[in-house]
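Everything below concerns the one structure shown next.
The values are calculated or read from the model by the stated rules, or taken from the named source; none is laboratory data. Quantities reported herein were computed from a predicted structural model and do not represent experimental measurements. Don't worry about glycine lacking a Cβ; one is built from the backbone with ideal geometry, like all the others, and counts go over all protein chains shown. For the accessible areas, the whole protein counts, side chains as well, though only heavy atoms, and no ligand, DNA or RNA atoms are used. Shrake-Rupley method; radii C 1.70, N 1.55, O 1.52, S 1.80 Å.
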Amino acid sequence: MLVHIKEIVKEARKGNYAVGAFNIHNLESALGVAQAANKANSPAIIQVSEGAIKYMGLKPITHIVSTIAKNIAANMPIALHLDHGSSFDSIFECIDSGFTSVHIDASSLPLDENIKLTKRVVEVAHARNVWVQGEIGSMIGGHGNIGGKIKDIPLAKIEDVVKFVKETGVDTIAAAVGTAHGVYSNEDIKFILLSDITKKIKKPFVLHGGSGIADAKIKRAIKEGVNIINIGSDIKIAFCQTLVKNCLKNKKETDPRNLLRPTIKAVEDIVCDKMKLFGSAGRIKAKEIET
């Protein structure tokens with residue numbers, strides 16, 4: 001069922017676990033996330049990027065997610081979120097379409113400009129009962145990139161994060177703490193920085209770049225106060241590797257559904273594993289939803 005993201009985050013903070021925010025790119029990946037939520041008895045945040053919206057169209061995405069949440073994951077809380085929104089147009093269109101959370105990523109701008117732009121988004125979004133995620137410290141890399149090292153991973157400054165949160169009024173905060181989009185050998189989490197941030201801001205913390213981080217460090221990050229963990233690359237990689245393998249095995253297949261069907265299960269398996277890792281698995285009981 002489709003719910004406001006605040007309901008999911010509220011329970012995660014109370015239960016000291018994290019909720020996965022899973023990037024989808026098509027019908028199959030959306031189905032994979034929903035089926036994983038059912039299998040794991042877990043809440044989930046389904047998020048889309050501006051690239052996914054350009055590819056699928058905003059209305060189709062919104063209807064697909066809402067329909068899947070209502071019919072496939074009817075007993076599991078599902079929230080719809082915009083990931084890395086960069087323009088007012090895309091953010092406001094998502095608000096009008098029923099998203100309960102939007103991410104304004106102005107982290108590449110100077111701090112004062114980031115604050116000014118984010119604050120404007122917050123004012124409009126809050127008038128519509130929509131949460132806003134802000135970002136400090138630009139996330140580098142690329143979703144789906146695998147292997148090697150990435151140079152000069154940015155780190156947020158604690159004083160900038162505190163100032164940003166205080167002046168913008170964002171509901172959730174993403175700050176650069178050593179991770180990157182993609183999967184790289186030198187990614188890390190600077191736990192002293194993370195701990196300082198979570199202790200001082202008292203806002204739900206969103207960890208971007210969760211795909212490239214070891215499980216033990218993810219568990220430690222949750223103990224340090226991470227409430228939402230973004231997963232994009234792992235889904236892309238599982239989907240594409242499964243599709244390529246199936247196409248090579250079935251070169252004469254002419255029904256695209258037969259080629260695509262295994263990708264749903266591949267996404268489901270990855271997402272289910274993440275839900276168990278994050279501690280969100282088993283948190284939802286169907287009878288609690290139905291009453």
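This table checks each residue for (1) at pLDDT 95 or above; (2) under 21 Å from Gly98 (Cα atoms); (3) open to solvent by 10 Å² or more (accessible area, probe 1.4 Å).
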residue	(1), (2), (3)
Leu2	yes, yes, yes
Lys6	yes, yes, yes
Asn16	yes, no, yes
Ser29	yes, yes, no
Gly32	yes, no, no
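Scanning the range 131-156 for residues that are open to solvent by 20 Å² or more (accessible area, probe 1.4 Å), within 18 Å of Leu109 (Cβ to Cβ) and in contact with a strand residue (DSSP E or B) (Cβ under 8 Å, 6 or more places away or on another chain), which turns out modelled with the highest pLDDT?
Once the filter is applied, the top-ranked residue is Leu155.
I'm checking my understanding of the structure. Among residues of the range 18-27 that are over 12 Å from Lys274 (Cβ atoms) and among the hydrophobic types (A, V, I, L, M, F, W, C), which one is surrounded by the fewest Cβ atoms within 10 Å (Cβ to Cβ)?
Looking at residues that are over 12 Å from Lys274 (Cβ atoms) and among the hydrophobic types (A, V, I, L, M, F, W, C), I get Leu27.
Quickly run through the range 54-85 and pick out the residues that are closer than 20 Å to Arg283 by Cβ and without any contact (Cβ under 8 Å) to a residue 60 or more places away in the chain.
Ile68, Ile72
Would you point out the residue of the range 39-66, among those that are of a type in the set (S, T, N, Q) and surrounded by 18 or more Cβ atoms within 10 Å (Cβ to Cβ), that is farthest from Ser101 (Cα to Cα)?
So, considering only residues that are of a type in the set (S, T, N, Q) and surrounded by 18 or more Cβ atoms within 10 Å (Cβ to Cβ), the one farthest from Ser101 (Cα to Cα) is Ser42.
For the range 159-259, which fully contained helices (runs of 4 or more DSSP H) count at least 1 residues that are touching a residue at least 40 places away in the same chain (Cβ under 8 Å), open to solvent by less than 20 Å² (accessible area, probe 1.4 Å) and not hydrophobic (A, V, I, L, M, F, W, C)?
Result: 233-249.
Would you please list the contacts, defined by Cβ atoms under 6 Å and residues six or more apart or on different chains, that run from a residue in the range 114-127 that is open to solvent by 70 Å² or more (accessible area, probe 1.4 Å) to a residue that is part of a helix (DSSP H, G or I)?
Qualifying pairs under 6 Å: Lys119/Thr168.
For the range 67-107, which positions are hydrophobic (A, V, I, L, M, F, W, C), open to solvent by 10 Å² or more (accessible area, probe 1.4 Å) and part of a loop (DSSP other than H, G, I, E, B)?
Passing the criteria: Ile72, Ala74.
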